[in-house]
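Let me begin by handing over the structure; questions about it come next.
Coordinate-derived values only; no laboratory data. This is a predicted model, so every value here is computed, not measured. Glycine gets a Cβ as well: all are built from the backbone with ideal geometry, and neighbour counts include every protein chain shown.
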Amino acid sequence: MQFEEIYQTFSPKVYRLCMGYVNNSDWAKDLVQETFISVWQNLSKFRNESSINTWIFRIATNNCLRQLEREKRFEKTVMPVQVEEKIEIKRDDRIDFLYRCISELEETERIIISLVLEDLPQAEIADIVGMSDGNVRVKIHRIKEKLTEKFKSYEQLQ
Amino acid sequence: MSNFNDIQNLWQNQPDVKTPDVDSIIKAANKNRKQMITKNVMALITLGATVLFIAYIGLVADFQFVTTKVGIVCIIISIIGAMVLNSQMLMLILNKADNSVSNQDYLNQLIAYRNKQRFFQTKGIAVYFLALTLGFILYLYEFYARNHSFGLKAYVLTLLWIAFAWFYIRPKTIKKQEKKINDLIEQIESISSQFEK
């Protein structure tokens, strides 16, 4: 698979994943860029030991997790960027709400649920996060419940 | 929107957001690599220049004693050590984190790396002071041998300054660095512990 093809296929998925993690469009775009810089630089090392899916999502999620080392640096620029974003595109309110709900979850839960929403099989999710299949199953069940509950109460308010 | 499938549909059918185009990613990757190389080369040049400069002073000045020259070497070593500790070089050498492993393994790598960093910073400062003090003691000996009262004054002033730095500046620096690293480790560990819940 050529880099360009990989990028076209995976960049929207990686963007959604990063967006679920940081809930800030500009920051998520930065993360997409960082992820694919890493993919580009390491593509020669990828030896089909795992699927390309797993490989890319591992890089992307690890990149998200590393943000805790940088969060302070970003805080300063968060405000103006978000204001600008809202004027630029009027996204579906429900999508905004979904991202907000996800970003309120714990870090690992954010990653797991974004991968579930991307329709990745449970075994692959377990492989990406490094948990046993059983534990992932329990976690997914719990997060799905949490998210559905939030949406129910959101809709009652509408 | 009362079941999870609806939420999943919403997620998968959201309009695509324009991400950077592929060329700009490749450009950024190349730039990134070049910057890393330039940074390393610059650090090496600065190091080399400092060593040459101090060595030059040592050679040009008319020093008779071996102690003076050994002292200069000690001071050079301590300065190089400080530069390495303060630069990103140490971080690059220590941080071998592979980002294509599972999240849990990656977090463990980050913790191990931060622990190593803490160790090198704390011990590094001690070694730096030791080499610097020893260097000055040896270096100033020739001045002392030539002129007792001048040498004594130089000794007292230098050692007072080093004592001040050791007993006041060093603990403060270590405390600050440790707090930063400990906070980070704590945060990484708290994420890592989410896997066990």
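Quick one: among A:124, A:106, A:69, which has the greatest mean-square fluctuation in a GNM of chain A with alpha-carbon springs under 10 angstrom?
A:69
Rounded to two decimals, what ratio of Rg to Rh does the protein assembly as shown give with C-alpha atoms and a Kirkwood Rh?
1.13
I need the shape label for region B:21-196. Rule: rounded when a/c is under 1.5, else prolate if a/b > b/c, else oblate, with a, b, c from the alpha carbon gyration tensor.
oblate
Next question. Expressed as an acute angle from 0 to 90° and rounded to the nearest 10, what is the orientation of the C-alpha long axis of helix B:66-86 relative to the principal long axis of chain B?
Its long axis makes an angle of about 20 degrees.
Could you tell me how many cubic angstrom of Cα convex hull volume region A:3-157 has per residue?
Roughly 125 Å³ of hull volume per residue.
Then there's this: Relative to the present Cα-Cα distance, how much length would full extension add between residue B:154 and residue B:5 at 0.36 nm per residue of separation? Don't jump to the answer; show the numbers that get you there.
Values: separation 149, 0.36 × 149 = 53.64 nm, distance 7.90 nm.
Once the chain is fully extended between residue B:154 and residue B:5, it gains 45.7 nm.
Let me ask something additional. Which number do you get for Rg(Cα) / (2.2 N^0.38 Å) in region A:5-75?
This ratio for region A:5-75 stands at 1.09.
List the pairs from B:31/B:179; A:144/B:197; A:29/B:175; B:116/B:197; B:31/B:175 whose alpha-carbon separation is above 25 Å, in the order I gave them.
B:31/B:179; A:29/B:175; B:116/B:197; B:31/B:175
What shape does region B:1-90 take by its C-alpha gyration tensor, where a ≥ b ≥ c are the square roots of the eigenvalues and a/c under 1.5 counts as rounded, a/b above b/c as prolate, and the rest as oblate?
Numbers: a/c = 10.90, a/b = 3.48, b/c = 3.13.
Prolate shape, in that a/c is at least 1.5 and a/b is the bigger ratio.
How far is helix B:103-146 tilted, in degrees, relative to the longest principal axis of the Cα atoms in chain B, given as a value from 0 to 90 rounded to the nearest 10?
Between helix and principal axis, roughly 10 degrees.
Right, another one. Quick one: Karplus J couplings for region B:47-59, per residue in order, coefficients 6.51, -1.76, 1.60, θ = phi - 60°, nearest Hz, x for Gly and Pro?
Coupling constants for region B:47-59: 4, x, 5, 4, 4, 4, 4, 5, 4, 4, 4, x, 7 Hz.
If you don't mind, there's one more thing I want to ask. Only helical DSSP H runs with n ≥ 4 go in: add -39500 (n - 2.57) per run for the protein assembly as shown, normalise by residue count and round the 222 nm mean residue ellipticity to 500 deg cm²/dmol.
-27500 deg cm²/dmol
Could you compute the FRET efficiency for residue B:175 and residue B:111, with r as their C-beta to C-beta distance and R0 at 22 Å, rounded to 0.05? Let's see the in-between values first.
Values: r = 21 Å, r/R0 = 0.94.
About 0.60, to the nearest 0.05.
What FRET efficiency do you get for residue A:3 and residue B:46 if R0 is 56 Å and r is their Cβ-Cβ distance, rounded to the nearest 0.05?
Computed FRET efficiency for residue A:3 and residue B:46 comes out at 0.95.
Taking each residue in A:149-156, count the Cβ atoms of any other chain within 10 Å of its Cβ, then average. What number comes out?
The mean count of partner-chain Cβ atoms within 10 Å per residue comes to 2.
Given springs between every Cα pair under 10 Å in a Gaussian network model of chain B, which of B:68, B:50, B:38 has the largest fluctuation?
Fluctuation is largest for B:38.
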